[in-house]
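First the structure, in the form of structure tokens, and then the observations on it.
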Amino acid sequence: MRRRTPRPVPLAVPALAPALALAFALAPLAGCAGPSDDGSGGDGGAAPAAAAAPAAPPPERPFGPSCATLPTDGPGSLEAIGGVPVLSAIDRTSDLTTMSGLIKTAKAKDLFDSMDNVTVFAPNDAAFAKLPEDQRKALGTQPGASDLLRRLIVVRDLRKADLADKSYTSLQGAALKATGSGDDYRIGGARVVCGSIRTANARLAVLDQVPTSG
């Protein structure tokens with residue numbers, strides 16, 4: 001009689017295959033791992049230090065002869081203006097009532113509310129009073145008011161040092177020439193009577209004339 005040799009029990013290789021495949025797939029990534037949390041890298045060297053972020057410039061005090069005429073506290077004061085958006089700051093400044101009305105005529109509230117880190121040059125009431133009758137009449141229309149407002153906005157946060165002999169393009173596309181030194185600066189020929197007023201979303205500069213472009 002032939003003696004039957006028992007067959008060997010097969011190993012559970014298929015069950016191990018997925019695990020082995022995953023291990024081999026991860027092996028190349030393990031070799032590419034970055035430095036550990038303790039600062040040691042794969043070659044024993046220290047991890048490179050992260051680049052330091054540039055320091056923010058220090059706050060700048062408003063300048064110009066008319067800054068002293070602003071209230072020392074309460075609505076319209078520099079402290080009150082600094083905590084609100086530029087549109088609210090214009091509405092609260094007694095010498096900018098014409099500018100405030102111009103924004104309403106142009107229906108530009110949404111434009112001003114959407115601003116961030118821009119500079120608004122705001123002619124005071126006396127500046128608008130100097131304009132010829134035909135120009136004042138044109139500003140009573142929405143297109144005329146909107147066109148002028150866009151000429152008074154530069155999409156940059158312009159500090160005092162940025163106003164010395166440079167030219168900037170307004171939101172309307174016209175060039176505004178800045179000149180001056182010390183505390184005497186002009187934008188398009190108009191003097192900055194109180195500049196660098198920092199509001200919540202823009203820098204405001206009050207002018208004694210409506211600036212000309214070019």
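For a modelled paramagnetic label at THR141, 7 Å from Cα along Cα-to-Cβ, the residues of the stretch 99-115 in reach, with backbone nitrogen under 14 Å, are 106.
Taking a straight Cα-Cα cut-off under 24 Å and skipping sequence neighbours fewer than 8 places away in the same chain, the lysines within cross-link reach of LYS104 are LYS130, LYS137.
For the pair ASP183 and LEU111 in one chain, pulling the backbone fully straight at 0.36 nm per residue adds 22.9 nm over the alpha carbon distance.
Computed from Cα atoms alone, the Kirkwood hydrodynamic radius reported for the stretch 99-206 is 14.2 Å. Among residues other than ALA164 whose Cβ falls under 13 Å from its Cβ, what is the net charge (Lys/Arg +1, Asp/Glu -1)? Here the charged neighbours net out to +1. Charge tally around GLY76: other residues with Cβ under 12 Å, Lys/Arg +1 each, Asp/Glu -1 each, net -3. Counting only residues at least eight positions apart within a chain, or on another chain, the lysines with an alpha carbon under 21 Å from that of LYS160 are LYS177.
Other residues within the sphere of radius under 13 Å centred on the Cβ of ARG61, judged by their own Cβ, net out at +1 (K and R +1, D and E -1).
Throughout, read-outs are computed from the coordinates displayed, never taken from laboratory work. This one's a predicted model, so the numbers in the text were calculated from it and none came from an experiment. All Cβ positions, glycine included, derive from the backbone under ideal geometry; neighbour counts span all protein chains shown.
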